[in-house]
């Protein structure tokens, strides 16, 4: 019963995290449609800032710590990821029904998934995983709240501006596009999200491994 309640909490917390990422994606699309993609990237980071401050569960913010958890953490990740998808899709569908003008801000390859170039999608997702891990790790380590938020904003804004592939944000974008774009390729979009989830996880784990694996090579002090 206790474990069931834990999974319900992870799912509900994941929904809130997905909603916050969706809101970040919404302001990114609004600013991009206004010709301000740099500010779009900066304000997208509000989503992860809010998740960190409210201590909610975002798959891409947690998966990097997989190596220091028990095997059962994989199931925790599944429930929070499902919640993230529900939350991000909800915001995407609402925005799709309410706001028609954002399709100009979406490049065709972003609207329809990644076409046949899933390797490109995967590599961009690895980059996104690294940036999210960096943002979360900085937030955990820095004592000053203004500095915490700055070091969340900078990696996430860089991630967006470089066009890296964040899986949960893509759920929001694809949900919006499903409402607003004719001949939307839903199967391709789903595959793109799955590829991005894998890439995000690997990118986060690479940085974690380099950070803590390198430390393990240092000689122990007597």
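Checked against (1) under 24 Å from residue 153 (Cα atoms); (2) out of contact with any helix residue (DSSP H, G or I) (no Cβ under 7 Å at 6 or more places or on another chain); (3) free of Cβ contacts under 8 Å to residues at least 24 places away in the same chain, residue 43 passes all but condition (2). Within region 182-197, being part of a helix (DSSP H, G or I) and more than 20 Å from residue 137 (Cα to Cα) holds for 186, 187, 188, 189, 190, 191, 192, 193, 194, 195, 196.
Does region 55-63 contain at least one residue that is under 19 Å from the mean Cα position of the chain (by Cα) and on the phi > 0 side of the Ramachandran plot? Looking through region 55-63, at least one residue is under 19 Å from the mean Cα position of the chain (by Cα) and on the phi > 0 side of the Ramachandran plot. The set of residues in region 24-40 that are over 13 Å from the mean Cα position of the chain (by Cα) and part of a helix (DSSP H, G or I) comprises 26, 27, 28, 29, 30, 31, 32, 33, 37, 38, 39, 40.
Is there a residue in region 193-210 that is within 20 Å of the chain's Cα centre (by Cα) and under 23 Å from residue 32 (Cα atoms)? Yes, some residue in region 193-210 is within 20 Å of the chain's Cα centre (by Cα) and under 23 Å from residue 32 (Cα atoms). If you go through region 133-154 and pick out every residue that is farther than 24 Å from residue 89 by Cα, touching a helix residue (DSSP H, G or I) at 6+ places or on another chain (Cβ under 6 Å) and buried (at least 17 other Cβ atoms within 10 Å of the Cβ), you end up with 6.
Where a number appears in this text, it was derived from the coordinates with a stated rule and is not lab data. Being a predicted model, the structure only gives us computed values, none of them experimental. When we count neighbours, we look across all protein chains shown, and the Cβ atoms used for this are built from the backbone with ideal geometry, even at glycine.
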